[in-house]
Amino acid sequence: MVRYDAAIIGAGSNGLASAAALAGAGLKTLAVERADRCGGRCATRAFHPGFRASPFCDEIAPIPAAIFRALDLARHGAIFDSVPAVPDAAILARGFADAAKPAERGWFARVPELVPWPGGARAPNGGSGMTMGGLGTLAQALEKSARAAGAEISLGLEVADIRLAKNRVTGLRLADGTEIEARAVISTLDLRRTFFSLFAWKDLPKSVTGRVSAWRDAASTARMLLALEAPPEGMSAAPLALDGDPAAHAAWLARTMPEHPPLSLRLVSARDPSLAPQGRATLTVTIGDIPHHLFDGPWTNEKRSALKARVLADIEAAGIALKVLASELILPPDIEEQLGVTEGDLDGGELSPDQMLGFRGFAEHQGGRTPIEGLYLGGRSSPLGPFASCAAGVAASRALMADRA
């Protein structure tokens, strides 16, 4: 039996930041990642010989400056090619303050006062930072930071169960049967995946199953990666938006393929020439209003080809001539399979008034805490998840350390 002070499920940006914070504070920490490399959505890979791109997104939400400096990410190789937007300071301050208050447990615990969160804030739309070499370089920097702090990282093994005893976390069981004893667990998975895939239903309090059952996911984004013979004439490194058809959202609600979905084009190799061979180009297309599953069945090869054709036709109709060498379409089911996010929803749940700010996760348990003692949410389903990269993981680690103290 291997014993740790803290175990983290997932080694994406939040998981690695959390691991670095906990290990840096002297806690014996393990991060478990089912993939064979760290990073999660922060990935860069070849999709055609010589052509590379970040498959799931081009940008991420900003990393708060204090966290960026504390993790020493610049020294570890995370170089942003533009100044990212600054996260809402009031929201971050409130989230970290909630995490720093120790939880009250037991018979005489009081329900915390639900103070309103700062108003007027909106989650960043599409992120606000790109790293040279693609987002994979940020993943590498975060991994180096976590390992330098003393955290251990296990790759290539999925967590099968979170162990419980008397409504308290006692550890993890991995897919190969390995038992890991841990005094606390931080999950960077989404709310549904955390509770409905890692616990037996009968072991969960009714308040938990009710909340998780009511949680809404809203995947609507697909991606297309294009290897081009040459850069499109007149196209710069700035993103280009094509609005599409106003009926596209209605098609998404009806789970049908939109005729003209909204598109966001980015010639990523114009900003970072390392992503394509000299004289050629890599273009990414973010496609909106794409349902996870269609009303008439799954995404077949025929339906995938039809969507590709519609997207390329809309780009051509906008006056952009493309000489395509190769393409790859990434749909919400692909994102779900590759990243382990419910229905391919990269936001960790619908960004609606009743699922934002203090209502994210469990409103009565602040700072990413949950009704399960010793279990914390440190991913996109937690209060700070949509607003800043790494912040949710760091907030969860602070909550864990406050409770431990």
Seminar exercise, completed: When (1) hydrophobic (A, V, I, L, M, F, W, C); (2) more than 20 Å from Leu157 (Cβ to Cβ); (3) touching a strand residue (DSSP E or B) at 6+ places or on another chain (Cβ under 9 Å); (4) assigned to a helix (DSSP H, G or I) are applied to Leu27, the one that fails is (4)
Exercise. For residues in segment 12-29 being more than 19 Å from the chain's Cα centre (by Cα) and not charged (D, E, K, R), which is surrounded by the fewest Cβ atoms within 10 Å (Cβ to Cβ)?
Worked result: Gly26
For this session: From Val208, Val212, grab the single residue that is within 20 Å of Glu336 (Cβ to Cβ) and assigned to a helix (DSSP H, G or I).
Result: Val212
Exercise. If you go through segment 287-316, how many residues are out of contact with any Phe, Trp or Tyr (no Cβ under 9 Å at 6 or more places or on another chain), assigned to a loop (DSSP other than H, G, I, E, B) and of a type in the set (D, E, K, R)?
Worked result: 1
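Yes or no, residue by residue, for (1) over 25 Å from the mean Cα position of the chain (by Cα); (2) under 18 Å from His260 (Cα atoms); (3) buried (at least 17 other Cβ atoms within 10 Å of the Cβ):
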{"residue": "Trp299", "(1), (2), (3)": "no, yes, yes"}
{"residue": "Glu302", "(1), (2), (3)": "yes, yes, no"}
{"residue": "Val324", "(1), (2), (3)": "yes, no, no"}
{"residue": "Glu337", "(1), (2), (3)": "no, no, no"}
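Table: residues versus (1) within 22 Å of Arg183 (Cα to Cα); (2) assigned to a loop (DSSP other than H, G, I, E, B); (3) β-branched (Val, Ile, Thr).
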{"residue": "Glu343", "(1), (2), (3)": "no, no, no"}
{"residue": "Asp347", "(1), (2), (3)": "no, yes, no"}
{"residue": "Gly361", "(1), (2), (3)": "yes, yes, no"}
{"residue": "Gly379", "(1), (2), (3)": "yes, yes, no"}
{"residue": "Ser382", "(1), (2), (3)": "yes, yes, no"}
{"residue": "Gly385", "(1), (2), (3)": "no, yes, no"}
{"residue": "Ala388", "(1), (2), (3)": "no, yes, no"}
{"residue": "Ala396", "(1), (2), (3)": "yes, no, no"}
Exercise. Taking segment 253-291, which residues are over 13 Å from Asp314 (Cβ atoms) and open to solvent by 50 Å² or more (accessible area, probe 1.4 Å)?
Worked result: Leu253, Ala254, Arg255, Ala270, Arg271, Pro273, Ser274, Gln278, Gly279, Arg280
Problem set entry | Residue pairs meeting the criteria (Cβ under 9 Å; at least 6 apart or on separate chains; first within 20 Å of Val341 (Cα to Cα), in segment 15-36; second of a type in the set (Asp, Glu) and assigned to a helix (DSSP H, G or I)) | Leu16/Glu143
Seminar exercise, completed: If we keep only residues of segment 348-375 that are buried (at least 22 other Cβ atoms within 10 Å of the Cβ) and among the small types (Gly, Ala, Ser), then the residue nearest to Ala200 (Cα to Cα) is Gly374
Seminar exercise, completed: Within segment 171-198, residues in a loop (DSSP other than H, G, I, E, B), at pLDDT 95 or above, over 19 Å from the mean Cα position of the chain (by Cα) and not small (Gly, Ala, Ser) come out as Arg183
Problem set entry | Failed item in (1) among the acidic types (Asp, Glu); (2) free of Cβ contacts under 8 Å to residues at least 12 places away in the same chain; (3) buried (at least 19 other Cβ atoms within 10 Å of the Cβ), with Asp345 passing the rest | (2)
Exercise. Quick one: how many residues across segment 31-59 are within 23 Å of Ala395 (Cα to Cα), outside any loop (DSSP other than H, G, I, E, B) and open to solvent by less than 10 Å² (accessible area, probe 1.4 Å)?
Worked result: 3
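The values are calculated or read from the model by the stated rules, or taken from the named source; none is laboratory data. What you are looking at is a predicted structure, and each value in this text was computed from that prediction instead of being measured. A quick note on method: Cβ atoms are made from the backbone with ideal geometry, for glycine too, and the neighbour counts reach across all protein chains shown. The protein model used for the area step is the full one, side chains on, heavy atoms only, and it has no ligands, DNA or RNA in it. Shrake-Rupley method; radii C 1.70, N 1.55, O 1.52, S 1.80 Å.
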